[in-house]
C-alpha cells in the first residue's frame, strides 16, 4: 500500500522540535544546490555565509545589534498574530517611532538633559502606537481589514520620512544628503565598547522577550487573545471582546516597533535618515513565524535572520554574490518552516492498523 | 436475479478507529434496505464508500453483477448510484437549478434543465422552484432539491443518510410515500437511520451496525423495537430517571417580546418571542432546524446582544444588552450546538478549555492564570462526567463527539448556573453518552436550576422536558405540558399550520 | 494632447496593472483561497519581462514569460496553502517576501536600463477619429487585453459550468468534494491563473508603463489590488471602477504640477494609499453588501476526507 497522509489525533511534540530543524536542513541543501548552480562551491559559500561573520568580535556585535530590533518587533507582532490580528505594517510604525523620537532628540530645548533618552523612548513608543492606532480603530470600529491598512500606512510613513529628511528637518550642513543633523550625545544609548556598535538598547529587547513570555503563557489577557485567534466564535461564546484583542495586539506591536525605530536612531545611526530601517519591520514577520509566535522561538529566529543579513553582506563582499541572496534565503527558510509545520499535525507513512472498536 | 448491490468484507480504518470492519450486505432491485446503528457506528462512512466519496481500505463492491474497483462519485453517478447527504451537499449562494447542474453531465443548459426539474418534481410530489436561491429555502425544501437532483438521473440505487432528521412527523410520512413509489419502480434504496419506528414503517430488510461491525440482519416489520435496539446498542436502551419538578415561584429566565430583523443574509428574524423558564424545570424548544433556533439561542447566550435590555431578564435583571461574559457572571451557562470552535477551542488543551468559562472559579488572580486550578477543574470534570481522554493535556479536537460533549456539559454544570441553556445536547453523541448527558440535565434542574433545551430530536425532548415550546418561522408557540401532548400535535406546530387555539384547551398553556 | 486626454488615458493606463492583478486575485478568492502574495508575483513578472526583452527576445514572448513566471511564483503559495495547509495569511506573506527577493535577484544585471517599451497599437481608422481616437483607441495591446480578460472572466464566472464550480468551491469545498469535484486540483489551477494574471500586471509595469526594471517597482500595487477585490465585493465590473479610481489618483500625482497643485511630491504620492484606506473603510462598514458575494470558505484550509 502506498504512503498515506493521516491527521494525528494529537499534535506531535517531537515534530514541534524536529520540524524547524528539518526546515533549516532543507534550506541549507537547496541553497547549496543553488550556489553550485551559479558556480560557487557550496561549502565555501555556506561557511562564508554562516560561520565567517561570527569569527570576529565586531561580527558578534553586529549580529546581536541586528538581531535585537528583529526580536523586539517580532515579540510585539506575535502577540497580535496569536489573536488573528495581522499587523503587517511594523515597518511603518518603526519609521514613525524613529521620526517621533528623533524629533524630540533634535528639538528638545535642553540637549544635555538626562531625561532626553527616556523622553525619546516614550516618543518612539507613542509614535509607533499612534500609527498602529489608526488600523486598530478602523478594524475594531469599522470592520476594516488591518492587513491592508497597516501596509498602506507603511507607504505613507515612508513618504512622511522622505518629506521630513528632504525638507524641513534636513541638516543644513549635511551636503544635501537626505538626513537630519546628528543627535546630541544625551540622546544616544551608551556603547559597551566604543570600538563596536552594540549598545545598551539590547536590554530593552531582553526585557521585551521575558515580558512577552509572561504575557502569552501566564496572563489571562494573553489567554483570551489566543482563544480569539484559534476560535473567534469560542471567544464570543465565552464573552471575550474581540475589540480588546485588536487594540492590544496593534498597540503593543506598534509600540515596540516604534521603540525599535527609536533605538536605531539613538544607536547605530545617530540621526534620522531616509534609510532608517533595512526592512526590519517586514523581516520581523518572518522572525515571528519562524519562532512559532513563541518568545524563545523568536529569539532563535531573530538570531538566525540577523545572521542571514550579516552573511548576505559578507558573501557580497567576499564572493560577489548579490544582496538579493539574503531575501531568497529568508523566503526559502520561511517556506520550508511553514511547510514542515504540516508534520506536527499530520503523519506520513503506512496506515496504522488500529485495534477494533471506537 | 443479481443483487443490485453487494458489499463483501468492506473495511475502513482511521487513526485509532476502525470505522468499518469487514462489513458485508446485499440489496435487491426494488428493495428498501435499512442500515441501522447508533451515532458513530460507521453508517455514514459505509455509505460514502459506496458512493465513492471516500475509499475503502479493503473489500469488494459488486453492482448489478459487475465488480467495481476504487471509484469516485462521478463513476457512481454513471452507474446509477445517487446519495442524499445528511448535511446536504448544496450551495446556498446559487440557485436550485445551478446546484443540480453541478451533478448532471452533458451540456450546461440551465433552461432545459429547469424544465426537467419541474417535471420530475411534479411526478414525485416534491414541488420546488428551480430558480430560487438555495439559501432562501427551508431545510425541508433543501432536502427535496437533493432528492430531485438524484431522481433526475434515474437512479438504480438511492442512498439516504438520516433523511428525516430535518422533517416534521407529517413531512416524514409524505417522504415515505415518495420513497415507496420509487421502490415500486425498481429503484433500490439504502436507508440510513437510528430511528427504529421509521425503519419498521418503511424498510423491507435491515443490516445493523455496531462499532463498525455487522451485528445482525433483520426484517424490521417482523421484529420488535426491543430486539432491534439490542442489536444496535448491544444492551437495553439506557433510561433516564426523573424526580418530580418543583418549580420556583418567579421565572429565572424570562423573554418578553424579543424581536430581531433578519438582516443577516442567511438568517431568520425572530418575531415577538416571549416565554419563561422557572427554576426546577426543563423546558424544551422543538422545531425543524433553520426556524430561528440559532438566532434565539445566540440572543439568549449574549453572543448577539439585543437592542433593548428588558426583553431578556435573568433572575429579574435586564440583561439584553450584556455580552456573554456579563450574563455568565449573573449565573447563566450555555452549551452550544457547535462543540469544536464555539464550545471548545479545538487546538487547546482540556485544561485551557476548562478555563474558557470556568476561569471565574478562582483560576485568575491579578490577571495571572493559576494553572494548577485550571488543571484541577479539568481533571475534576473528566472524572465526574466520565470523559475518556488522554488527561487534561489532551487537545479538544482529539476527543470523540460524545466525550467532548460530556466535557462541555460538565464544565457548564459545574459552574452551578441558575440558568442553563443547551442546544442540541446529544447531536452525534453515542447512546451511552447521550443518556448520561440527559440525566445530568435532569439532575441539574431538580437541584433548582432552570434548564432550556433546544433540540430537533422530538424523542429526546419528550424524554427529558417538563414543558415544550415549538419554534417555527421565528415565532414561538405557547407552551404545553409534556404530559398533555404527543408527537403528532407538536409535529403540527412544527409545520406552523396549527393555530395556538387548537392547543389551548388542553390546559397546558404557559402559567 | 490636452490635459483632459492626458488624464483620461493616463488613468486607463495606470489602472491596467491593477486590473490584471485584481481580476486574477478575484477569481482566486472566489474559489475560497486568499493569496496575499500578489506583490511578490507582480515583481517576479516585472523582472522576468524585462529580462526576456533585455536578452533580445520579442516583447510578446517577454509578456508570456512574465505570466508564466507569475504562475510559477504562485506555486510557492499553492504548495504551502493547498498541500501543506499552512495558514493562508502566512503563506501569502511568504510569497510576497520571496517574490521580492527573487525579482531583485533576477533583475540585478539590468537594473534601471531602459528597454523598448510596448507601443500603442495604431488601429486603422479608429485611432484617427478626432477626440475619441486619442481617448479610446490609442493604447498598447495589453490595455485591450485587460478589457478582453475582464469580459472573459465575467463570462467564465457567471455563464459557464466551470465558473459555477469555482464559485461553489469557494462557498463550500466540503460539499463540492462530496459531489465529486477535485477541490484541491481546481484550486491549484485557479491559483496558477491568479499568478499568471499578477505576472501580466507586473509585466505591464516594467514593459509598457515605466519600461525599465527597478527593485520594488510595484510600490504597493499588489497590495492595492488586494484592496480592490474587497472594494469590488468580489464582482468583476466593480474591479474596473476601483482600478480607474486608483489609476486616477496616480495620475493626479503625476499631473499635480500641471493642475497647479502646489504640494510636495510626497503628499501627492501618498494619495493612492490614503484613498485605499478611505475606500476600504467605506466598503467595510457595509457588512451586508460584502456578505452578498463573499466566498464563505475564504482562507480556510481544506483537506478532503478520505
> Here are some residues: C:260, C:256. Which one is free of Cβ contacts under 8 Å to residues at least 40 places away in the same chain, away from chain A (no Cβ under 12 Å) and at positive phi?
Replying inline: C:260
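Here's the yes/no breakdown for (1) exposed (fewer than 13 other Cβ atoms within 10 Å of the Cβ); (2) without any contact (Cβ under 8 Å) to a residue 24 or more places away in the chain; (3) touching a helix residue (DSSP H, G or I) at 6+ places or on another chain (Cβ under 7 Å):
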site: C:110; (1), (2), (3): no, no, yes
site: C:120; (1), (2), (3): no, yes, no
site: C:153; (1), (2), (3): no, no, yes
site: C:168; (1), (2), (3): no, yes, yes
>> Please pick out the residue among A:68, A:61 that is within 22 Å of the chain's Cα centre (by Cα), surrounded by fewer than 24 Cβ atoms within 10 Å (Cβ to Cβ) and within 26 Å of residue A:118 (Cβ to Cβ).
In response: A:61
> If only one of A:228, A:258 is at pLDDT below 95 and within 21 Å of residue A:87 (Cα to Cα), which one is it?
Replying inline: A:228
> Are any residues in the range C:206-222 more than 14 Å from residue C:64 (Cα to Cα) and surrounded by 24 or more Cβ atoms within 10 Å (Cβ to Cβ), and if so, which ones?
Replying inline: C:213, C:218, C:221, C:222
>> Condition first: within 14 Å of chain B (Cβ to nearest Cβ), assigned to a helix (DSSP H, G or I) and over 30 Å from residue B:333 (Cα atoms). Can you find one or more residues in the range A:199-213 that meet it?
In response: yes
> If you take the residues of the range A:74-85 that are farther than 10 Å from residue A:209 by Cα and assigned to a helix (DSSP H, G or I), which of them is nearest to the chain's Cα centre (by Cα)?
Replying inline: A:77
> Would it be correct to say that residue B:184 is within 25 Å of residue B:6 (Cβ to Cβ) and either in the same structural domain as residue B:90 (by TED's automatic domain parsing) or within 17 Å of the chain's Cα centre (by Cα) (or both)?
Replying inline: yes
> Is one or more of the residues making up the range A:55-72 at pLDDT 95 or above and closer than 19 Å to residue A:181 by Cβ?
Replying inline: no
> Do any strands (runs of 3 or more DSSP E) lying entirely in the range B:200-273 carry at least 3 residues that are within 25 Å of the chain's Cα centre (by Cα) and at pLDDT 90 or above, and which ones are they?
Replying inline: B:205-210, B:213-218
> What are the residues in the range B:361-381 that are more than 9 Å from chain A (Cβ to nearest Cβ) and touching a helix residue (DSSP H, G or I) at 6+ places or on another chain (Cβ under 7 Å), if any?
Replying inline: B:361, B:362, B:374, B:375, B:377, B:378, B:381
> What number of residues within the range C:149-183 satisfy the criterion of being farther than 19 Å from residue B:113 by Cα and within 11 Å of chain B (Cβ to nearest Cβ)?
Replying inline: 14
>> Tell me whether the range C:49-72 contains one or more residues that are within 12 Å of another protein chain (Cβ to nearest Cβ), assigned to a helix (DSSP H, G or I), over 14 Å from the mean Cα position of the chain (by Cα) and closer than 24 Å to residue C:117 by Cβ.
In response: no
> Quick one: would you say residue A:322 is in contact with a strand residue (DSSP E or B) (Cβ under 7 Å, 6 or more places away or on another chain), within 11 Å of chain C (Cβ to nearest Cβ) and at pLDDT below 85?
Replying inline: no
> Just wondering, is there one or more residues in the range C:190-212 that are within 12 Å of chain A (Cβ to nearest Cβ) and either without any contact (Cβ under 8 Å) to a residue 40 or more places away in the chain or touching a helix residue (DSSP H, G or I) at 6+ places or on another chain (Cβ under 8 Å) (or both)?
Replying inline: no
> Do the conditions hold for residue C:99, that is, is it in a helix (DSSP H, G or I) and either surrounded by fewer than 22 Cβ atoms within 10 Å (Cβ to Cβ) or modelled with pLDDT of 95 or more (or both)?
Replying inline: no
> With respect to the numbered conditions (1) touching a helix residue (DSSP H, G or I) at 6+ places or on another chain (Cβ under 6 Å); (2) modelled with pLDDT of 85 or more; (3) over 26 Å from residue C:79 (Cβ atoms), which one is the sole condition not fulfilled by residue A:284?
Replying inline: (3)
> Just for the range B:301-332: of the residues that are within 11 Å of another protein chain (Cβ to nearest Cβ) and not in a loop (DSSP other than H, G, I, E, B), which one is nearest to residue B:409 (Cα to Cα)?
Replying inline: B:332
> Is it the case that residue C:269 is within 21 Å of residue A:166 (Cα to Cα) and within 13 Å of chain A (Cβ to nearest Cβ)?
Replying inline: yes
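For (1) under 20 Å from the mean Cα position of the chain (by Cα); (2) in a helix (DSSP H, G or I), each residue gets a yes or a no:
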{"residue": "B:355", "(1), (2)": "no, yes"}
{"residue": "B:387", "(1), (2)": "no, no"}
{"residue": "B:393", "(1), (2)": "no, no"}
{"residue": "B:411", "(1), (2)": "no, yes"}
{"residue": "B:415", "(1), (2)": "no, no"}
{"residue": "B:420", "(1), (2)": "yes, no"}
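The values are calculated or read from the model by the stated rules, or taken from the named source; none is laboratory data. Just so it is clear, the model here is predicted, and its values are computed rather than measured. Positions of Cβ are generated from backbone atoms using ideal geometry, with glycine treated the same way; all protein chains shown enter the neighbour counts.
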